[in-house]
2 protein chains.
Amino acid sequence: MTSAEISTGSRASESKGSVVISVDAMGGDRGPSAVVAGIAQSAEKNPEIRFIVHGPKAELERLIARRDGLAERCDIRDAAGVVTMEDKPSQVLRKGEGTSMWSAVESVRKGEATVAVSCGNTGALMALSMLRLRKLPGVNRPAIACLWPSRNPQGFNVMLDVGADIRADAQDLLTYALMGASYARNGLGLARPRVGLLNVGTEEHKGRAELKQAHELIGQNAEEGNFDYVGFVEGGDLPSARVDVIVTDGFTGNIALKTGEGTAKLVGDFLKEAFGNSVMSKFAALLAMTSLKRLQKRIDPRRVNGGVFLGLNGTVVKSHGSADETGISAAIKLAFQLGKSGFHERLAARVAHSITPEHAGATGKKHAEHKGTS
Amino acid sequence: MTSAEISTGSRASESKGSVVISVDAMGGDRGPSAVVAGIAQSAEKNPEIRFIVHGPKAELERLIARRDGLAERCDIRDAAGVVTMEDKPSQVLRKGEGTSMWSAVESVRKGEATVAVSCGNTGALMALSMLRLRKLPGVNRPAIACLWPSRNPQGFNVMLDVGADIRADAQDLLTYALMGASYARNGLGLARPRVGLLNVGTEEHKGRAELKQAHELIGQNAEEGNFDYVGFVEGGDLPSARVDVIVTDGFTGNIALKTGEGTAKLVGDFLKEAFGNSVMSKFAALLAMTSLKRLQKRIDPRRVNGGVFLGLNGTVVKSHGSADETGISAAIKLAFQLGKSGFHERLAARVAHSITPEHAGATGKKHAEHKGTS
């Protein structure tokens, strides 16, 4: 892979002295007004971001004009079509040209923007990103990585795949380990992330055959991949300080993700009910407001909004379909961090390197340069 | 299956006018004193339970003698050996005779006790139960069912399999649906439970091939099995009021269970930290004590302590290894409820019936009798 290939996608940001994020304004449950509100929130907090916003031009112009100074930081790309939550990915691949989602991904493909953000239909966004951006050399199955609130100092762990593909063989799981470690280095600032493989027990003899193979493979590649391999981890370890990156197939990961979200919401709702029970407890809730808000902030799913598609020629952040402006702003912030860190180029170099171990001797010097960063 | 076969296991309880629970006193993280404390708690709350307690005789006699009136409700079976958490199931099968776990299961096999309770090594307990109790006719893969705190009026949903077997084909998943529905009828008192199949989306085209097959099979057998089939459910639905029984393979179920437990514990710990933050919030916590205790009770994993092994010729309840006396007492309570309801006989009849649909015409009358109860 030449450096020209690797750097595609970051030209736009470099040339303007800022990071350009491509935002699909349509397809979320709350419509374009929530998306534009999220853009405005991010724009206010972070003067380094510029936006390319995709959707029906007249409506977007109207929404953006309402916000002070936002128009000059946004390029609008007119796209009349909308991918709905009901559209099947296969339909979108055939007929999706002209939709805001297609247009948003296209901006990354052309190198106008560094990262794309959409809160539309996950399956369609993944399929469209695969078709237009194509898989990175060395990646058989791309993955969606999510952030998980944790007891670690960085506040989050990374888990992947959470739903790009319902299958993963041992080689795919190794690729996920490499990509997840690279994401943790660039997105969470961890120099040497600890990677674990999700299983039903931590003993080596447990689990499915492909997990035992992956256990061997990941262990063998840890030094080369610049991460520590902690071995098998269990569901209870997802928020733990034992591990930073949890690797699993997309079926298991998706169910774990939704189970965790559902449980946190259940406990939160029970907590609200508990505090609404009596005059005394309502008074207590008032007194404890600051503490409760701090708790809410720690477990608020909107703060960790943004699954990242890894393994393509370009980075795409999937925001929750139900995201409000705070959620959208969190997804844009994540996109910005990844864009600014040069994450995509580093990940590409890391994966490209990992598939050519036979060249390790010849490219030893180049490898050493990557080692601390990608 | 003759009625003589079906009624094995309930003779002991019937003959004494009470339910006899066989308790393995060893193998838990907190040792036999916690187990005896749990027995004492259950004995006090419920005069209908009698116990057969398995472990080193001298130690158990000493522990039981300390509790007022407990000795006369306990038979002690001397067993010097202990199955540890590190023992491999295969070792226990070969050399486990003489352990308290083996002895506890044996009491159910012989019909001295209705249900066995152990907080020892899950894999060993499952393997031993399979070997000694054997699978029910019509069951290929037995399952472990757990209770999940939920928004339903009954307070819990049932999920199975949570770890008996890492694989399950479509026919196994149908068996889980039948067994789970029977458990919900007898353990939770739901006349017509709603059953859902865990998947990564609720659309019919999603998921693995065996899930699509199981989706068809379970739907076709709902009327016959006396449950409502709600179709695919997602991880977020586990605590929901959409469904009462969630069916999945033991790999996915185990990871979902541990993820849910881990998340609830994380939120609980964050909550404690939040209330310890300032003088004001500590004062608020004092005021809200009653409400917080109510919340804690709703999500306390000790209250739902007890995975139940389903699909064997006898019922075995697996308590958490780390269970304290409250947890052990909850597991014994569950064992008592199941023993008292005649759950095992009903489940056996239900599964036996489901595998002989070709005889449905001939045994129509008998089937109608089972329908409302098993």
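The values are calculated or read from the model by the stated rules, or taken from the named source; none is laboratory data. Just so it is clear, the structure is predicted and the values come from calculations on it, not from any experiment. Here the Cβ is made from the backbone with ideal geometry for all residues, glycine too, and neighbour counts use every protein chain on show.
Give the residues of the stretch A:153-183 that are in a helix (DSSP H, G or I) and crowded, with 21+ Cβ neighbours inside 10 Å, sorted by residue number. I'd like the intermediate steps shown before the answer.
Restricting attention to the stretch A:153-183, the residues satisfying the condition of being in a helix (DSSP H, G or I) are A:170-183.
Within the stretch A:153-183, A:Asp172, A:Leu173, A:Leu174, A:Thr175, A:Tyr176, A:Ala177, A:Leu178, A:Met179, A:Gly180, A:Ala181, A:Ser182, A:Tyr183 qualify.
Identify, please: which residue in the stretch B:202-241 is at positive phi and free of Cβ contacts under 8 Å to residues at least 40 places away in the same chain and is, among those, farthest from the other protein chains (Cβ to nearest Cβ)? First the steps, then the outcome.
First pass over the stretch B:202-241, keeping only residues at positive phi: B:207, B:226, B:231.
Add one more test, that the residue is free of Cβ contacts under 8 Å to residues at least 40 places away in the same chain, and what stays is B:207, B:231.
Numbers: B:Gly207: 7, B:Gly231: 16 Å.
Checked the stretch B:202-241; the qualifying residue farthest from the other protein chains (Cβ to nearest Cβ) is B:Gly231.
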message: Restricting to the stretch B:63-88, count the residues that are more than 29 Å from B:Lys45 (Cα to Cα), surrounded by fewer than 20 Cβ atoms within 10 Å (Cβ to Cβ) and in contact with a Phe, Trp or Tyr (Cβ under 9 Å, 6 or more places away or on another chain).
response: 1
statement: Over the stretch B:214-228, the set of residues crowded, with 22+ Cβ neighbours inside 10 Å and at pLDDT 95 or above is B:Ala214, B:Ile218, B:Phe227
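Listed here are the residues, each with its yes/no results for (1) farther than 25 Å from B:Lys265 by Cα; (2) at pLDDT 70 or above; (3) at the interface with chain B (Cβ under 7 Å from one of its Cβ atoms).
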site	(1), (2), (3)
A:Leu266	no, yes, yes
A:Lys272	no, yes, no
A:Ala284	no, no, yes
A:Ala288	no, no, yes
A:Ser322	yes, yes, no
A:Ala331	yes, yes, no
message: Out of everything in the stretch B:242-263 that is surrounded by fewer than 24 Cβ atoms within 10 Å (Cβ to Cβ) and within 14 Å of A:Ala264 (Cβ to Cβ), what residue ends up being nearest to the other protein chains (Cβ to nearest Cβ)?
response: B:Gly262
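Only one residue in A:Leu128, A:Leu147, A:Leu93 is surrounded by 15 or more Cβ atoms within 10 Å (Cβ to Cβ), assigned by TED's automatic domain parsing to the domain that holds A:Asp169 and under 30 Å from B:Val200 (Cα atoms). Which one? Explain how you work it out, then say what you get.
Values: A:Leu128 fails: assigned by TED's automatic domain parsing to the domain that holds A:Asp169; A:Leu93 fails: assigned by TED's automatic domain parsing to the domain that holds A:Asp169.
Matching residue, one of A:Leu128, A:Leu147, A:Leu93: A:Leu147.
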statement: Checked pairs for the stretch A:308-322, first touching a residue at least 24 places away in the same chain (Cβ under 8 Å), second of a type in the set (Ser, Thr, Tyr), C-beta under 6 Å and 6 or more apart or across chains, list as A:Phe309/A:Ser129; A:Leu312/A:Ser129; A:Val316/A:Ser129; A:Lys318/A:Thr122
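Give the residues of the stretch A:141-152 that are within 11 Å of another protein chain (Cβ to nearest Cβ) and not in a loop (DSSP other than H, G, I, E, B), sorted by residue number. Step through it out loud before you land on a result.
Filtering the stretch A:141-152 for residues within 11 Å of another protein chain (Cβ to nearest Cβ) gives A:148-151.
Selection gives A:Trp148, A:Pro149.
Do any helices (runs of 4 or more DSSP H) entirely within the stretch A:18-121 hold 3 or more residues that are within 18 Å of the chain's Cα centre (by Cα), and if so, which? So that I can check it myself, show each step before the final result.
Numbers: elements: A:31-45, A:57-65, A:89-95, A:100-109.
Once the helices (runs of 4 or more DSSP H) in the stretch A:18-121 are filtered for at least 3 residues that are within 18 Å of the chain's Cα centre (by Cα), what remains is A:31-45, A:100-109.
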field: Selected residue [more than 18 Å from B:Ser329 (Cβ to Cβ) and at pLDDT 95 or above] from B:Ile76, B:Ile49
entry: B:Ile76
- prompt: Hey, any hits in the stretch B:145-163 for a residue that's modelled with pLDDT of 90 or more and touching a Lys or Arg at 6+ places or on another chain (Cβ under 6 Å)?
  reply: no
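Residues are listed down the side, and each one gets a yes or a no for (1) aliphatic (A, V, I, L, M); (2) at pLDDT 95 or above:
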position	(1), (2)
B:Gly55	no, yes
B:Leu63	yes, yes
B:Met85	yes, no
B:Val105	yes, yes
B:Asn121	no, no
B:Gly138	no, no
